[in-house]
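Asker: Please read through the structure below; I'll follow up with questions.
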Amino acid sequence: MASISSDDDHKPFMFLGKDVSKVPCFRNSFLYGIIGGFTMGVGYFLCTSKTLRSTHFGFGSFVTISSIYWITCRYNYDNTEETLNELKGIIKAKKSGIDVK
């Protein structure tokens, strides 16, 4: 049985010279933004029946949700990376016999 996502047939999605599938937090922030923007746009349309205004509201919600999720996710990612790098340094120092406090 073949796996769903294989590295062999991975086609990179390039944007500004970077493969966005390799960028941390991109996928989740984009998906949450799409779902949130669509939901907010449809909800606004159901309440007001104004097509153009609900489209603007949905797109604004998409941008806002994506941006907020991206910022919080990257903040948490950077903090985790910093902690892991500190722990790697401590482990490396302990292996070499240096006393680390």
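Please treat every number below as a calculation from the coordinates, not as lab data. Everything numeric here is computed off the predicted structure, so don't read it as measured data. Cβ coordinates were reconstructed from backbone atoms using ideal geometry, including for glycine residues, and neighbour counts include every protein chain displayed.
Asker: Once segment 44-101 is represented by equal point scatterers at the alpha-carbon sites, with solvent omitted, what log10 I(q)/I(0) does the Debye formula produce at q = 0.27 Å⁻¹?
Answerer: Each listed q corresponds, in turn, to -0.98.
Asker: Let me ask you something else. For LYS11, give me every one of the aspartates and glutamates with a C-alpha distance below 19 angstrom, ignoring sequence neighbours fewer than eight places off in its own chain.
Answerer: ASP19
Asker: Rg(Cα) of the chain divided by 2.2 N^0.38 Å?
Answerer: Scaled against compact globular proteins, the figure is 1.66.
Asker: Note the angle between two axes, namely the Cα long axis of helix 26-48 and the longest principal axis of the Cα atoms of the chain, as a number of degrees from 0 to 90, rounded to the nearest 10.
Answerer: 20 degrees
Asker: Mind listing the lone cysteines of the chain, meaning no other Cys beta-carbon sits under 4.7 Å from theirs?
Answerer: Lacking a cysteine Cβ partner under 4.7 Å: CYS47.
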